[in-house]
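Report on the following structure.
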Amino acid sequence: MNTFQEAVTNRRTIYKLGREIPVLQSQIIAAVERMTKDAPSAFNMQSARVVITMLDHHENVWDITRGELKRVVPADKFAETEAKIDGLAAAYGTILFFESSNMIKAMQDQFPEYKDSFPGWAMQANAMLQFAVWTALEDLGLGANLQHYNPLIDEPIKRIFDLPDSWDLTAQLVFGEKLEDPEQPPKVPTGTRVKIFRRV
């Protein structure tokens with residue numbers, strides 16, 4: 001098993017994903033549940049909500065997305081869009097990340113002096129959870145890529161999975177068997193991004 005820092009370094013966007021995964025569904029579920037429980041949030045708000053979809057349920061996510069996109073993408077450009085969606089649907093699963101607007105509102109009511117900050121803090125916490133789950137999947141030997149078809153697909157997704165209206169979709173993490181090596185994106189030198197002040 002990788003160290004945490006190795007898993008962070010190895011985590012990359014991989015679009016070509018398959019279904020011959022090297023782990024059990026129960027291992028994926030356990031990793032997502034653990035990260036959801038342990039990821040930090042401001043004021044311990046815990047407003048993030050997660051739905052794990054696999055196989056036919058995962059395909060439903062992308063059937064919905066395909067249908068919604070067909071309504072808004074010009075017909076002469078839809079073939080390219082559909083090819084991308086077909087590629088996402090070929091993966092093993094999708095993890096849907098949501099924010100509970102009810103929980104955010106409850107925190108705003110409880111701490112009115114921070115009312116304007118809670119939505120931003122919630123999104124920061126959700127992003128940390130997404131990163132934690134993505135890294136945990138990498139640690140299991142799975143590839144993944146992060147998509148953002150919200151809010152276009154929010155309502156049909158909530159209908160098909162019978163989710164509360166107060167759950168707002170924030171991201172979709174597609175995962176599966178790695179069928180290609182990830183690209184190594186260019187990195188800005190850390191010296192231009194990290195400033196260090198210390199005694200020597």
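Measuring between their Cα centroids, segment 1-75 and segment 108-137 lie 18 Å from each other.
Starting from a Cα-only point model with no solvent, please compute log10 I(q)/I(0) by Debye for the chain at q = 0.15 1/Å. The computed values of log10 I(q)/I(0) come out as -1.02.
Each residue, residue 190 and residue 101, gets one label point 7 Å from its Cα in the Cβ direction; the gap between the two is 4.1 nm. In sequence order, segment 79-85 has phi-based couplings of 4, 5, 4, 5, 4, 5, 5 Hz under the Karplus curve 6.51 cos²θ - 1.76 cosθ + 1.60, θ = phi - 60°, and Gly or Pro positions carry x. Backbone geometry of segment 129-141 corresponds, through the Karplus equation with coefficients 6.51, -1.76 and 1.60 at θ = phi - 60°, to 3J(HN,Hα) couplings of 5, 4, 5, 5, 5, 4, 5, 5, 5, 4, 5, 8, x Hz, x marking Gly and Pro.
Each residue of segment 14-26 was assigned a 3J(HN,Hα) from its phi angle through the Karplus curve 6.51 cos²θ - 1.76 cosθ + 1.60 (θ = phi - 60°); the sequence is 10, 8, 8, 10, x, 10, 8, 7, x, 9, 7, 4, 4 Hz, with glycine and proline shown as x. Straight-line cross-link reach from residue 158 at under 12 Å between alpha-carbon atoms covers these aspartates and glutamates, not counting any fewer than eight positions away in the same chain: 168. The coefficient of translational diffusion for segment 30-91, derived via Stokes-Einstein from the alpha carbon Kirkwood radius under 10 °C and 1.306 mPa s, stands at 113 µm²/s.
Each reported figure results from applying straightforward, stated rules to the coordinates on display, with no laboratory input. Given the structure is predicted, the values throughout are model-derived calculations rather than measurements. As a convention, Cβ positions derive from the backbone with ideal geometry for all residues, glycine included, and neighbour counts pool all protein chains shown.
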